[in-house]
1. Around residue 209, which amide H atoms from residues at least 5 apart in sequence, or from another chain, sit under 5 Å from its own amide H, with H modelled in the peptide plane?
2. Would you kindly derive the ³J(HN,Hα) couplings of region 149-164 from the backbone phi angles with the Karplus curve 6.51 cos²θ - 1.76 cosθ + 1.60 (θ = phi - 60°), listing them in order in whole Hz, with x for Gly and Pro?
3. Suppose every Lys and Arg Cβ carries +1 and every Asp and Glu Cβ carries -1, with no other charges. What dipole size does the chain come out with about its Cα centre, to the nearest 20 debye?
4. Using only Cα atoms, locate the centre of region 200-238 and the centre of region 1-30, then give the distance between them in Å, rounded to an integer.
5. Listed highest first by mean packing, meaning other Cβ atoms within 10 Å per residue, what order do 61-69, 275-283 come in?
6. Please report the spacing between the Cα centers of region 105-122 and region 51-69 in Å, no decimals.
7. With a 1.4 Å probe and all protein chains left in place, how much of the accessible area of region 152-265 comes from carbon and sulfur atoms, in whole percent?
8. Report the local net charge at residue 75: Lys and Arg +1, Asp and Glu -1, summed over other residues whose C-beta lies under 12 Å from its C-beta.
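The values are calculated or read from the model by the stated rules, or taken from the named source; none is laboratory data. Remember, it's a predicted structure, so these values are computed and weren't measured experimentally. Methodologically, a virtual Cβ is constructed for each residue, glycine included, from the backbone with ideal geometry; neighbour enumeration extends over all protein chains shown. Please note that ligands, DNA and RNA were not included when accessible areas were found on the heavy atoms of the full protein model with its side chains. Shrake-Rupley method; radii C 1.70, N 1.55, O 1.52, S 1.80 Å.
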Amino acid sequence: METLVRKNIKNLNAYKVDAPQYEIIVNANESPYDFPMALKQQFCDEICHTDLNRYPEACFPELLKELSDYTGVYAEGIICGSGSDEIIAMINQAFVNPGDVIVSHSPSFAMYDIWATIADAKHIRVNDLPDHQPDIDTMIDEACENNAKLVFLCNPNNPTGHTFSRDDILKILDAVPSLVILDEAYIEFFGKSSVDLITKYPRLLILRTLSKAFGLAGIRCGYALGNKEIIDVLYKVKGPYNLNVLTQKIAVIALKNRVSILSNLEILKAEREKAMAFLEALNAFKLYPSGSNFIYFEAPQAEEIYEALLQNNILIKYFKDEARETGSIRFSIGTPQENQKILAIIKEVVYNGA
Ligand code: PMP
């Protein structure tokens, strides 16, 4: 078997992860709020009147209409995927030849690297400057010198919460010869989308998802917004029925009811600010401003915090840094009760360890 597998796939680890079984799960930047029961009921009613023996719409016209209404982008400039993960895969399939260069800032979303590895590309990860400011000048130099096919910018960034200014985005768009992929998975928490730049920059592609602000990680629905020319290329590599009928139906219901679903944003943003102020007052960590639905900080006690939370049936994300004394923590904003519990345990670790 070994001899049959492509060489760049041999050392990849399969993503075989069991769904976490904890009382509070805040490790994956999900929403703590489930889809409203009345809308689940509406979905069930619609499914009762849907022929499941038929293939779904291959190009999801009703969903495109709703997404167009939500984003202001014409339907021809939108494509959907089974999560934005699938769209990152499609981008690699459509644009990247073995040996091509992909540039991103680091740390950022892990799937950029995994899909680059599968495409047998050379992924240049440009380390952030101090304070997790992306090193934009070096990214531009690397993209230009290597004629990079893709440049990934994650705005707001996972895991650091960093947000790119309009000027930074324009500087990169104006300088590089590449397709610029602006990952706006968390944009609803930040509010400053770059979607208006699509008409001026034909090489800009924006990635979005219903997994975060819409609280629908379970249905796997992501989408990309761009110029018709790029989107047409992505349609060439899209699987025929990549979005099943159930996903299409729930996504349409969600978008039609977006005003009520997105009202949770205000609660989550207010909770984020409260949690930031609480952690700041502990004066024990290097805390980073967040434009997203999670908080990221570096702490000498990171491992103790992670363990203490686990013992209390709470799962967060812990990044071990072998090279330094400190590790980092990222946890998503939960319900007010969940946040209170998490913060109280963090405070206890800080005080006991002092
Ligand atoms: N981009 C970023 C920055 C993310 O953090 C995630 C999910 N963690 C995704 C894309 C993928 O989201 P999904 O596949 O659920 O749409």
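1. Amide H neighbours of residue 209: 223.
2. 3J(HN,Hα) across region 149-164, in whole Hz: 6, 10, 10, 9, 10, 10, 9, x, 7, 9, x, 7, x, 4, 10, 7.
3. Details: 34 positive and 47 negative charges, 128 e Å.
For the chain, the charge dipole is close to 620 debye.
4. Distance between centres, Cα-based: 23 Å.
5. Working: 61-69: 17.3, 275-283: 14.7.
Sorting 61-69, 275-283 by mean packing, highest first, produces 61-69, 275-283.
6. Rounded to whole Å, the Cα centres lie 30 Å apart.
7. Numbers: 2110 of 3900 Å².
For region 152-265, the apolar C and S fraction of the accessible surface comes to 54 percent.
8. On the way: positive: 65, 228; negative: 62, 66, 69, 76.
So the environment of residue 75 carries a net charge of -2.
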